[in-house]
Amino acid sequence: MFDWRALRTDLADLVLARSCAGCEAPGNVLCAICWAYLTRGVHARELSDGAVAHASTNYLGIGKSVVIAHKEHGWHALTPMLGALLARAVTSVTAETVTLVPVPPHVNALARRGTDPLADIVTEATRALRAIGQSASSASLLLRTRDSGAMKLLGREQRRLAIESSFALTDRPMCIRGQIVVVDDVITTGITVTEVRRTLERAGWQVAGIAAVATTPMRGSRR
Ligand SMILES: [Zn+2]
């Protein structure tokens, strides 16, 4: 079985003279203790339609800090590690040849950041999967037909309505090999990944599962 914990040394030690994104310990972008925490188990998260998503860590504490450092503060040095965490979640869905289909970015977020953090993570995830012998590629099969606005400010029902029918298939030709896994960096309500999967299935694609770097805990008020 692949030793995910050993991977951090190769990845994190490439970038020195920074503090850990998880605990702020000086040294490198992610310390060994935080990496051990992030790789201690895969979380299965039941979604509202009964499907199960897999994530490498909870979107709390260290997991949340690391994702935000990458997504909002541009700590690109974390990308290979987040890719490895996503890859690990994907291996819980399938060990077969896989095509990762990312949730498409919001147009305004893309413009604001100038990058697509999830696309970068997915590239690293396919690399990590190939490194452990699992054939993997990615395909941006979807685009957003409308931006859903400031989703964080919406309640669950408003959010569901805003997301519903907000995805469509791109008309660019895409190469799909093996099983399709829908991927995202963080699952909060689960509405987005559920809608992405529904959009793919309505178009005739079979989706093997859903994987993410992090998920909010299943129990609690935010699902
Ligand atoms: Zn740390």
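The values are calculated or read from the model by the stated rules, or taken from the named source; none is laboratory data. Not measured: the values here are computed from a predicted model. Here the Cβ positions follow ideal geometry from the backbone for every residue, glycine too, while neighbour counts run over all protein chains shown.
In segment 155-193, of all residues being touching a residue at least 40 places away in the same chain (Cβ under 8 Å), aliphatic (A, V, I, L, M) and not in a loop (DSSP other than H, G, I, E, B), the one that is surrounded by the fewest Cβ atoms within 10 Å (Cβ to Cβ) corresponds to Val186. Pairing residues of segment 29-41 that are without any contact (Cβ under 8 Å) to a residue 24 or more places away in the chain with residues that are not charged (D, E, K, R) and not in a helix (DSSP H, G or I), at Cβ distances under 6 Å and at least 6 apart in sequence or on separate chains, gives Cys31/Cys20; Cys31/Ala25. Residues in segment 24-38 that are in a loop (DSSP other than H, G, I, E, B) and within 8 Å of the ligand (Cβ to nearest atom): Glu24, Ala25, Leu30, Cys31.
Looking at this structure, is Ala44 within 14 Å of the ligand (Cβ to nearest atom) and surrounded by fewer than 17 Cβ atoms within 10 Å (Cβ to Cβ)? No, not satisfied. Within segment 57-73, one or more residues are hydroxyl-bearing (Ser, Thr, Tyr), surrounded by 24 or more Cβ atoms within 10 Å (Cβ to Cβ) and out of contact with any Ser or Thr (no Cβ under 6 Å at 6 or more places or on another chain). When you scan segment 185-204, do you find a residue that is closer than 21 Å to Thr123 by Cα and among the acidic types (Asp, Glu), even just one? Within segment 185-204, one or more residues are closer than 21 Å to Thr123 by Cα and among the acidic types (Asp, Glu). Gly83 versus (1) at positive phi; (2) crowded, with 22+ Cβ neighbours inside 10 Å: which is the lone unmet condition? All conditions pass for Gly83, except number (1).
For Cys20, the conditions (1) at pLDDT 90 or above; (2) surrounded by 13 or more Cβ atoms within 10 Å (Cβ to Cβ); (3) away from the ligand (no atom under 16 Å from the Cβ) all hold with the exception of (3).
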